[in-house]
Amino acid sequence: MRLAKDICAHNRALQPWVLNQREKYDHLCCPFLGITPSPLQRGYRNKCELSVGRGECGERVVGFRLGAYRLGSCCVAPPAGCAHVDSATVEVALATQTLVRQSKYDVYDPHSYRGHWRQLTVRTSRCQELMVILTFHPQELSEQEVAAVKQEVVHFFTAEDSGKACGVTSLYFLLQGQRERVESAAELLWGSARIKETLMGLNFLISPAAFFQVNTGGAEALLTLLGEWAGLTKDTHLLDVCCGTGTIGLSLARFVKSVVGVDICAEAIEDANINAALNGVTNARFVCARAEDSLSALVNSVRGDPVVAIVDPPRAGLQVKVLQALRRSVCVGRLLYVSCNPRSASSNFNDLCRAPSNRMRGPPFRPIRAAAVDLFPHTPHYELLLLFERHHILGTDT
């Protein structure tokens, strides 16, 4: 409803179309096709970031904050019983809690900025592979002392009963100090550099910093919708913006002429190219660059054929320069926008649909249909999928 009002306010040429849409779809600018549920309702998260701190009685605990630090709460509670956390992650959290409690180094205190153990990140997969990333503040410790801590961590997860029972396959250690100090990259202490996951019948290798949807089954439901709505053919070029490890582009590559993915995270792009080779996908390439700097060149490289763009940006949405590049790229006739925070992304929707100007050149888009996927059960969050088409292109939903 809000988008319908915004389009009328910012694009007078689209007002008659919007008014007609609102009459047809109960005040909406396009049909909303409902919410697709997550196949798995509990224990669905394949990545959890847990805090290391103190419980209500002052004990060392690995789990989740009971409240926001800005509201004065620093207490941490164990994750057991949390609906979104799987049993493997709970086991790793309890084991790490044992490691931290027997350590001579204290947990990090966000009030005094003292202490060492800061965070535990756990990534799991359907392939029974498990990645652990331990974050540690070095404070004034020497390199030799930090090296000794790393040895203790490796010994705990490979030789001690409680740690070894977790079945960790990738063990990383991340030094993270204050903001003014340079942060290191996660260091592989033991095991394989990546964990393997299966998605849409493909295999994906995931490294520590790479983005991968936290709900694998829910991601498959989302990808199924994307494939149905994109209108792909063997003459289509697919532009995957904010591609991460290449899940969207690689899952749809068999339906199109080519896939071009772009992302600013070098580690994710390396994973995407590895995943393309792993699955024998030869019509996809992935580029590490800022989308706003590279989109025009990428689109020009496939000029002459229809281009479908899929954007799956971070929570804050796309940068204005990315939207400007998409508007200028007139061969992009169809755009699918995946948003995990539609309120934050609403300005993006407006920019896609507003009247042409010096700021937004190129024909505007218009919303054709929308749906949601419940990727985050037991929370108010969801993924919204919006299909946009150029105003000068007549689709089936006119």
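Considering only protein heavy atoms and a 1.4 Å probe, what is the carbon-and-sulfur percentage of the accessible area of the chain?
52 percent
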Largest first, what is the accessible-area ranking of Lys164, Lys196, Lys24 with a 1.4 Å probe? Lys164, Lys24, Lys196
Can you tell which of Val85, Cys29, Phe64 lies farthest toward the positive end of the dipole of the stretch 23-118, using +1 and -1 charges on the Cβ of basic and acidic side chains (Lys, Arg; Asp, Glu)? Phe64
Tell me, what is the FRET efficiency for Glu59 and Lys5 to the nearest 0.05, using R0 = 51 angstrom and their Cβ-Cβ distance as r? 0.45
In nm, what is the difference between 0.36 nm times the number of residues separating Gln41 and Arg126 and their Cα-Cα distance? 29.0 nm
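Can you work out the FRET efficiency for the pair Arg101 and Thr224, with r the C-beta to C-beta distance and R0 = 51 Å, to the nearest 0.05?
Efficiency for this residue pair is about 0.70.
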Note the direction-averaged projected area, equal to a quarter of the hull surface, for the Cα convex hull of the stretch 12-128, in nm². 12.9 nm²
So I have (i) 43, 23, 20; (ii) 31, 25, 19; (iii) 38, 29, 24, and one of them is semi-axes √(5λ) of the Cα gyration tensor in Å calculated from this model. Which one is it? (i)
For Glu152 and His381 in the same chain, what is the full-extension length gain: residue separation times 0.36 nm, less their Cα-Cα distance, in nm? 78.6 nm
What does the accessible area per residue of the stretch 108-214 come to in Å², with a 1.4 Å probe and no ligands, DNA or RNA counted? 47 Å²
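R0 = 30 Å: FRET efficiency of Cys331 with Leu278, Cβ-based, nearest 0.05?
Calculated transfer efficiency: 0.50.
Expressed in nm to one decimal, what extension gain is obtained for the pair Asp293 and Asp26 from 0.36 nm per residue of sequence separation less their Cα-Cα distance?
92.1 nm
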By how many degrees, 0 to 90 and rounded to 10, does the Cα axis of helix 291-300 deviate from the longest principal axis of the chain? 50 degrees
Report the label-to-label distance for Ala266 and Leu66 in nanometres (one decimal), using points 7 Å from each Cα along the Cα→Cβ vector. 4.3 nm
Between Arg359 and Ala13, how many nm apart are label points set 7 Å from Cα along the C-beta direction? 1.8 nm
From the alpha carbon gyration tensor of the stretch 260-379, can you work out the equivalent ellipsoid semi-axes (sqrt of 5 times each eigenvalue) and give them in Å, largest to smallest? 24, 21, 14
Jot down the radius of gyration and Dmax of the stretch 207-283, Cα atoms only, both in angstrom. 12.0, 35
If we count every other residue with Cβ under 11 angstrom of Leu375's Cβ, Lys/Arg +1 and Asp/Glu -1, where does the sum land? -2
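The values are calculated or read from the model by the stated rules, or taken from the named source; none is laboratory data. The structure displayed is predicted, hence computed values, not measured ones. Neighbour counts are summed over all protein chains in view; Cβ atoms, including those assigned to glycine, are modelled from backbone coordinates with ideal geometry. Quick note on the areas: whole protein, heavy atoms, side chains included, nothing else; ligands and nucleic acids left out. Shrake-Rupley method; radii C 1.70, N 1.55, O 1.52, S 1.80 Å.
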